[in-house]
Amino acid sequence: MWLPTLCIQETALSHPLSWQQLISSNLWQKVINKFKLPLGLTTGILLVILGINLVKNQFTETKVIGIQPAILQNISQGEKLLISSEKNPAKEEGIEKFYNGNFAQAIAQFRQSLQVKKNDPETLIYLNNAIAQQKSDTNIGQKIEIAVSVPISQESDISQEILRGVAQAQSEFNCGLPEISLAIKDTENQLNCSGSFNGKFLKVTIADDEYLPETAEKIAQTLVAKEEIIAVIGHSSSDMTLQAGEIYNKAELVVISPTSTSILLKNFGKFVLRVAPNDHLAAQTLWNYLERQNWADKKIAVAYIPGNIYSQSLTKEFNKLLPEKFVYKCNISSGNFSASDCVEEAQNRGAEIMFLVPATDRTLSNVIGIINNAKGLKLLGGDSIYNPRVLKDAGQQADRANLTLAIPWHRHPNSQFSQTAQKFWNAEINWRTAKSYDATKTIIKAVDEMMGNYSRKQLQRILSNPNFSCYSF
């Protein structure tokens, strides 16, 4: 998840360039290790055993030189639909009103849309953006702009999980959750939002990086060219964050990834940060689990992706802890991959445990094939397997194989954040929502300490201060 200075030529334009619950586990382990991140967030790695309980406003009209117009179709503040699966007439009408600059009507339409689908984070972000823009246009408030990049085209569900954390923090900042909830429940009720920090409102740009490195680069180039954006939340995977990170570092724009865990991100750059614990902690937690189960002496095979930043990172960190190396390595990205052959060969080598480390792409489908062909193997995995597709396509086999995952956070009935989020979204949330909420609250806390001096460099200086801390919940 991360370009040199580009040689660019201004293009003549005839008009200004416009910017156009799902799972519950039948067993979960409590936090094994907690630690204080450099950003001050308290977090840890949890083991989750997956069971069968399946439960016309645009950007300011600025001419952006050197940006390909096509990439602008992947970016929106409310003027276009990015999550096609979450559309309804009221939402589409709200987007049209937003595009035309009629924010009062856009607000009304987005409120109606959220009555239809309350846990649609894209609509909630657009509602907040319309509020922020309206306040700014009437000189009642001041906008603070950030962006979030997620792989909507590739992983809509995961993208929405991340966007919910951002949307929840944004709603708290702009209006407060009770006010937003009332506005959704009763669309006739007057919506009163006063912002935070003496009339400041948070506006969020959503970008779809398509889970493609080249698109992540273009998204980064576009976001750094928009001077009003003081920070970016993203990207979702270590590969994308690393690919775009060079651009953010060079342009001195802070990017905080909520879900990137690769060891390579450690000290990658002053402007590339994260709130999720790294793969070393995940590997150590899985090893501790094996020792508690008296399985430390069992032979282990791995199904991973050579060359993938995340997969290689977690595989390497786990391998360091084993008394003997993996007895078999299965390349789940191979063109001639066979799940049954992978399992059979691993067992022929004496493996009793299979460690699964896919990416969030077709390799996850290949791992689902391994789960369904487990044939007595016990299964371990990283956070990428915490995905609705696994429960849908391999839930029963995951339960039989005792599939156990290391993830950064898991909801707890006694957690105030879990209770608040569940009530607000009318659904249970997962670790991606929690960590993206962390990332957004971290930026908000730093903005508070900027005392009105809102700049990218000042934000980075505050975040890199060893005394800076932020406790979300």
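Could you rank the peptides 261-268, 120-127 by their average count of other C-beta atoms within 10 Å per residue, with the highest value first?
The packing order, highest mean first, is 120-127, 261-268.
Return, ordered by residue number, the residues of segment 387-421 whose backbone nitrogen is under 14 Å from a label point located 7 Å along Cα→Cβ of residue 471.
416-417
How many lysine pairs are close in segment 255-409, with Cα atoms under 21 Å apart and the two 8 or more places apart or on different chains?
So the count of such lysine pairs works out to 24.
For residue 292 and residue 426, calculate 0.36 nm times their separation in residues minus their Cα-Cα distance, and state this gained length in nm to one decimal.
Full-extension gain reported as 44.6 nm.
Expressed in whole Å with the largest first, what are the equivalent ellipsoid semi-axes of segment 134-181 derived from the C-alpha gyration tensor as the square root of 5 times each eigenvalue?
The answer is 25, 14, 8 Å, longest axis first.
Would you mind pulling out the separation of the Cα centroids of segment 321-359 and segment 74-145, in Å?
Value for the Cα centre distance between the two parts: 47 Å.
Carbon and sulfur atoms: what percent of the 1.4 Å accessible area of the chain do they account for?
Here it works out to 46 percent.
Suppose every K and R has +1 on its Cβ and every D and E has -1 on its Cβ; what is the size of the dipole of segment 374-452 about the Cα centre, in Debye to the nearest 20?
Dipole about the Cα centre, nearest 20: 320 debye.
What relative contact order, as a whole-number percentage, does segment 275-350 give when Cα pairs under 8 Å and 6 or more residues apart are counted?
33
Using only alpha-carbon positions, what ratio does the radius of gyration of segment 92-197 give when scaled by 2.2 N^0.38 Å?
1.02
Can you list the aspartates and glutamates whose alpha carbon sits under 13 Å from that of residue 435, skipping same-chain ones fewer than 8 residues off?
Those aspartates and glutamates meeting the cut-off are 161, 383.
Calculated from the structure, semi-axes √(5λ) of the Cα gyration tensor in Å equals which of (1) 42, 26, 19; (2) 51, 23, 18; (3) 39, 24, 21?
Computed from the coordinates, semi-axes √(5λ) of the Cα gyration tensor in Å corresponds to (3).
Could you point to the residue in 339, 313, 224 farthest towards the positive end of the chain's charge dipole, with +1 and -1 charges on the Cβ of Lys/Arg and Asp/Glu respectively?
313
Expressed as a whole number of Å, what is the distance separating the alpha-carbon centroids of segment 159-231 and segment 450-470?
Going from one Cα centre to the other spans 20 Å.
Rounding to the nearest 20 debye, state how big the charge dipole of the chain is about its Cα centre with +1 on each Lys and Arg Cβ and -1 on each Asp and Glu Cβ.
1000
To the nearest 10 square angstrom, how much accessible area does residue 131 have with a 1.4 angstrom probe?
Roughly 0 Å² of residue 131 is accessible to a 1.4 Å probe.
Determine, for each peptide in 422-433, 377-388, 80-91, the mean count of other beta carbons within 10 angstrom over its residues, then list the peptides with the highest first.
In decreasing order of mean packing, 422-433, 377-388, 80-91 become 377-388, 422-433, 80-91.
What number comes out for the charge environment of residue 71, summing +1 per Lys or Arg and -1 per Asp or Glu over other residues with Cβ under 11 Å away?
-4
Give me the net charge of residue 419's neighbourhood, meaning all other residues with Cβ under 11 Å from the Cβ of residue 419; Lys, Arg count +1, Asp, Glu -1.
Combined, the nearby Lys, Arg, Asp and Glu give +1.
How would you order 312-323, 275-286 from highest to lowest mean count of nearby Cβ atoms within 10 Å?
Peptide ranking by packing, descending: 275-286, 312-323.
The values are calculated or read from the model by the stated rules, or taken from the named source; none is laboratory data. Keep in mind that this is a model prediction, so the values were computed, not measured. Glycine gets a Cβ as well: all are built from the backbone with ideal geometry, and neighbour counts include every protein chain shown. Please note that ligands, DNA and RNA were not included when accessible areas were found on the heavy atoms of the full protein model with its side chains. Shrake-Rupley method; radii C 1.70, N 1.55, O 1.52, S 1.80 Å.
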